[in-house]
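Heads up: the structure comes next, in structure tokens.
Every number here is computed from the coordinates shown, using simple stated rules; none is lab data. Note that the structure is predicted; figures quoted are calculated from it, not measured. Neighbour counts are summed over all protein chains in view; Cβ atoms, including those assigned to glycine, are modelled from backbone coordinates with ideal geometry.
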Ligand code: NIG
């Protein structure tokens, strides 16, 4: 018999089950890696172990749908210059590519594990990560293999920028040919940085279509630094997600609202690059699906903290607490194409993954009400309690 754990005396339970409001005085049972029961504390069944959370809030573990965790080095000098007025530019990516190529596999793995552990201890129970700092066949394949050791979903971002000293046409042929073939054993999505200074719309289309032919799902880095065609392209090609979305026209917002493409906003990136915030409020009001992700990377957003992103989305981007929590959990799952997954990623559902977090607070609103305060009190991932 699989052991059962009863978590009871939940002050506020957020399940993300459609139509279910946040419940008070709730309880749930974990059986192995799954949720076996959800209900009122007074009706809770007996279990092998009972844990009272003393009126605390319980919510699904965070689903971080956009990270770049395979890298070496840091760019704190670039960050400091930015805080002194220099604008963010994609050209900084080359510095991380040099550091990553110069690092040993053990160093890359250790850094990835460090960041993954950091995120897990803050409640991130499911995460995507990308390649994109190798940018040659061997280094991208290595990044994909390392990413798959840690991440639930891996994205191929060979089309991050054209590496120094390489002809753009030759590089596109490499990305859509041998590099794509080399990463295929480990990746589920292909992504492209569709932006001035990286790849234009036609180049991006070529990358995405090659990925689709190889059986991959599509994601796009779009409209981060300026108006461009990234969002329109993502919607046209039915991408699962278009990420950043800072510079949107009303046509972009309408197109997203009429599509199944998720707009993934990256609040920590917006503050760290001093970009205008993505218009999350306008997107939601128009009917678009919005996810919140960390975009953890050493250049534009060096944080693993979804609590920080949620607080920023509420305090600075006009999202309600309920919207921000949903966007960083179920929204992330939809951005990863997991709407129909029986695992119920980003939800607390009977039969779904037992991925949840307990806050050192009576309500999820404290995530924004008490910004910067470490509120993660307990985390279960796949039914296993995470040592904090
Ligand atoms: O998502 N925008 C492109 N890629 C990363 C940043 C990479 C970097 O600056 O190293 C992002 O923000």
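Quick notes on this one:
- Computed over the chain, the per-residue total of -39500 (n - 2.57) for DSSP H runs of n ≥ 4 gives a 222 nm mean residue ellipticity of -9500 deg cm²/dmol, rounded to 500.
- Mean-position separation - Cα centroids, the range 349-385 and the range 33-61, in angstrom: 13
- Helix 201-213 vs. the chain, principal-axis angle (Cα, 0 to 90°, nearest 10): 60
- Helix axis angle, 306-317 relative to the chain longest principal axis, alpha carbon, degrees: 80
- Between residue 200 and residue 107, the distance separating the two model label sites (each 7 Å from Cα on the Cα→Cβ line) works out to 3.7 nm.
- Packing-based order for 67-77, 296-306, using average beta carbon neighbours within 10 Å, highest first: 296-306, 67-77
- For the range 148-199 and the range 98-128, distance of Cα centres in Å: 19
- Three-way shape label, the range 46-141, alpha-carbon gyration tensor, a/c 1.5: prolate
- Cα-based helix-to-principal-axis angle, 105-120 vs the chain, degrees rounded to 10: 40
- Each label point was placed 7 Å from the Cα along the Cα-to-Cβ direction; for residue 373 and residue 285 their separation is 3.1 nm.
- Estimated distance in nm for a label pair at residue 315 and residue 213, the labels positioned 7 Å out from Cα along Cα-to-Cβ: 4.9
- Residue exposure sequence - 112, 256, 336 - by fewest surrounding Cβ within 10 Å: 112, 256, 336
- Cα gyration tensor, the range 231-388 - rounded (a/c under 1.5), prolate or oblate: oblate
- Overall form of the chain per C-alpha gyration tensor (a/c, 1.5; a/b vs b/c): prolate
- Ordering 241, 204 by the number of other Cβ atoms within 10 Å of each residue's own Cβ, fewest first, gives 204, 241.
- Counting only DSSP beta bridges with both residues in the chain, the antiparallel share comes to about 45 percent.
- Computed FRET value (nearest 0.05) for residue 50 with residue 339, which takes r as the C-beta separation and R₀ as 25 Å: 0.15
- Listing 216, 13 from fewest to most neighbouring C-beta atoms within 10 Å gives 216, 13.
- Relative contact order of the chain: 20 percent, from C-alpha pairs under 8 Å at least 6 residues apart in sequence.
- Highest-MSF residue in the chain out of 128, 12, 80 [GNM, Cα springs under 10 Å]: 80
- Extended-chain gain in nm, criterion 0.36 nm per residue less alpha-carbon gap, residue 2 and residue 173: 56.4 nm
- Rg and Dmax [Cα atoms of the range 1-55; Å; Rg one decimal, Dmax integer]: 10.9, 33
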